[in-house]
Amino acid sequence: MILGLDLSTSKIGYSIIDNNKKLIECDVMKLKPLPLEDRAEIFYLFMITLKNRFEIKEIFIEEPFSMFGGGRTTAGTMAKLQRFNGMCSFAVKRVFKQNPVLIPANKARKSVGLKIKRGENTKKKVIEWVEKSYPKDFIVEYTNYGNPRPGTDDKADAVVIALAGMETLNEKRNEADNGKLAQKHNK
């Protein structure tokens, strides 16, 4: 099974898919406004819970932004997110005895065939894509104002990251198989 994670300092979206791309579990973990180290410890304990419940073999995390986003992100916010991401990556390493693989969001979307045009609402498009891909398993709840409930975009991002992780693994297997074929052919 593959674990996909969308980390932020207030909410963590997570999804687990099996080798057939079946969505096993998908949810969001809301973090209280505690010091980052305490939030990382809560995440660490949650990773232990997931490890005990599922046979997770690979872990993929959405890579945190490293560029400013048009006035929405300050250097302090980016530093805090990078710091928290590092703590969570270390927690994954401790629990699963392997390093998580970081995947940039745009690369993840591209690898699963999700195209978003300039000017489109990315969060909305990702939610719609995941809802369409998993109509029975990814149910979107809406607020009284018609917006997806908070955390829905984090869950959707985690699904995309898990699927992109599977694509990454498949590419590596294909490259390895092609290398073996080339070696066999050259003999």
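The values are calculated or read from the model by the stated rules, or taken from the named source; none is laboratory data. Since we're looking at a predicted model, the values are computed, not measured. Please note: Cβ atoms are built from the backbone with ideal geometry, for glycine as well, and neighbour counts cover all protein chains shown. Each accessible area value is taken on the protein alone, full model and side chains, heavy atoms only, with ligands, DNA and RNA left out. Shrake-Rupley method; radii C 1.70, N 1.55, O 1.52, S 1.80 Å.
What figure, in Å² to the nearest 10, do you get for the accessible area of LYS97 with a 1.4 Å probe and non-protein molecules left out?
Its accessible surface works out to 150 Å², give or take rounding.
Using Cα pairs under 8 angstrom and six or more residues apart, how large is the relative contact order of segment 1-137, in percent?
It comes to 23 percent, rounded to a whole number.
Report, for segment 1-145, the % of DSSP beta bridges that are antiparallel, rounded to 5.
Here the antiparallel bridges make up roughly 65 percent for segment 1-145.
Considering only the other residues whose Cβ falls under 10 Å of the Cβ of TRP129, what net charge follows from Lys and Arg at +1 and Asp and Glu at -1?
Value of the local net charge: +3.
Provide Rg and Dmax in Å for segment 1-110, with only Cα atoms included in the calculation.
13.9, 41
Using a Cα-Cα cut-off of under 14 Å, which aspartates and glutamates could be cross-linked to LYS124, ignoring same-chain neighbours fewer than 8 residues away?
GLU141, ASP153, ASP154, ASP157
Between LYS57 and LYS132, what length in nm is gained on full extension when 0.36 nm per residue of separation is reduced by their alpha carbon distance?
Value of the extension gain: 24.4 nm.
May I have the extent of the alpha carbons of segment 82-156 along their three principal axes, as whole Å values ordered from largest to smallest?
Here the spans come out as 40, 27, 26 Å, largest first.
Return a single number: how many Lys pairs in segment 1-52, at a sequence separation of 8 or more or on separate chains, have alpha-carbon atoms below 21 angstrom apart.
Summing the qualifying lysine pairs gives 6.
Rounded to a whole number of µm²/s, how large is the Stokes-Einstein D of the chain at 10 °C and 1.306 mPa s, given Rh as the Kirkwood radius over C-alpha pairs?
Rounded, D is 91 µm²/s.
GNM on the chain, C-alpha springs below 10 Å: top fluctuator among GLU128, GLU55, GLU120?
GLU120
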